[in-house]
1. Can you give me the convex hull volume of the Cα atoms of segment 168-245, divided per residue and expressed in Å³?
2. Fully extended, how many nm does the chain gain between residue 225 and residue 207 (0.36 nm per residue separation, minus their Cα-Cα distance)?
3. Tell me the Rg and the Dmax, in Å, that the Cα atoms of the chain produce.
4. Is any helix in the chain, taking whole DSSP H runs, at least 15 angstrom long along its axis by alpha carbon and on average at least 0.5 on the Kyte-Doolittle scale, and which ones?
5. Based on DSSP H runs of at least 4 residues, each adding -39500 (n - 2.57), what is the mean residue ellipticity at 222 nm of the chain after dividing by all its residues, to the nearest 500 deg cm²/dmol?
6. Cut-off 10 angstrom, C-alpha nodes, Gaussian network model of the chain. Which of 13, 156, 142 fluctuates the most?
7. Taking amide H atoms as placed 1.01 Å from N in the peptide plane, list the residues 5 or more away in sequence, or in a different chain, whose amide H sits under 5 Å from that of residue 156.
8. Treat segment 1-64 as a sphere of radius equal to its Kirkwood radius over Cα pairs and apply Stokes-Einstein at 10 °C in a medium of 1.306 mPa s; give the translational diffusion coefficient in µm²/s, rounded to a whole number.
Amino acid sequence: MNIYGDTEQEKIIDDLQKWFEENKKLPNKIDRIYLTRFYLRTSKNIEATKKLLEDNFALRSKYPNIFFNRDPESQETRNTADLASDSAFRYIVPLPGQTPEKERVTLFKLKNTDPEKLHFVDDVKTLIMIYDYCLSMPDLEIQDIPYITEGPIQIIDMQGISMGHVTRTSPKILTVLLQYLQNFCPGTIKGIHLINCPMYVNMMFTVAKPFLKKQIIDVIHFHNDGLGTLCAYVPLELLPLEYGGKAGRLTKIADDILSGIQAKRDYIMDPNYWTIME
């Protein structure tokens, strides 16, 4: 777990921020915590950090339909993740707390299981927006000191997911999402845990496997019989009450995240942070 504000590290981040803002291949500005995460992902390798930043924003420029023009208050966002609404399609919820290994946990769960409600491109766009928000915030604050933790761990609740959902996905956009998460996201995924898995999930995994890197394949885990095996990776108390945990109601956690995103709406929508001004 890294302290955001360590004197030696902050000097390096100062230099990286200056380099970023003067680089014509990059946007005009970058959030400081967001920048720090790139540095930490590369094990504090400065040259690797610079390359990862350029690659990240090059990918964003190539696929503006999922990386740009995002608004936390737009209808497309609400269709996916307006968690105060009964019509919202899914929960995308970073959970409070951390595992003993200092990892943060994010839960994905369908709220509305109707496949007709799936708008895959909008869903991916909203997912990346939530990531960008979370990655610009400290993971923890202990005695007013912000920390950046390891992670993330992702829990995907497969309950209610059917082949109807699978047929409405876009293979191209799914490939871009996987490319982003595996290669360019400022955070290394520590685990992907699929719970309440229907029988056909293994078949889906076999189809997707050729598109996944070994380090991603190695951290994917299937949990077909309740949460018993999941607890070997994620303590039960970190989960929402609906899963037998102590983190609070899922709707309350989700509402808090949505409020945080709306509070940073100007940041999310400001092209100076995301668009390369050629």
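1. Values: hull volume 9.8 nm³, N = 78.
Measuring per residue, one finds 125 Å³ for the Cα hull of segment 168-245.
2. Numbers: separation 18, 0.36 × 18 = 6.48 nm, distance 2.29 nm.
Once the chain is fully extended between residue 225 and residue 207, it gains 4.2 nm.
3. 18.4, 53
4. Details: long enough: 7-22 (23 Å, -1.36); 46-62 (24 Å, -0.55); 120-135 (22 Å, 0.91); 250-263 (20 Å, 0.60).
Within the chain the helices that satisfy the rule are 120-135, 250-263.
5. Values: 12 runs with 114 residues, N = 278.
Calculated at 222 nm, the ellipticity per residue is -12000 deg cm²/dmol.
6. Per the Cα network of the chain with a 10 Å cutoff, 142 tops the list.
7. 108, 193, 194, 195
8. Working: Rh = 12.1 Å.
Translational D for this selection: 131 µm²/s.
The values are calculated or read from the model by the stated rules, or taken from the named source; none is laboratory data. Predicted model, so just to flag it, every value in this text is computed and none were measured. Cβ atoms come from the backbone with ideal geometry, glycine included; neighbour counts cover every protein chain shown. Remember, those area values only see protein heavy atoms, side chains included, never the ligands or the DNA or RNA. Shrake-Rupley method; radii C 1.70, N 1.55, O 1.52, S 1.80 Å.
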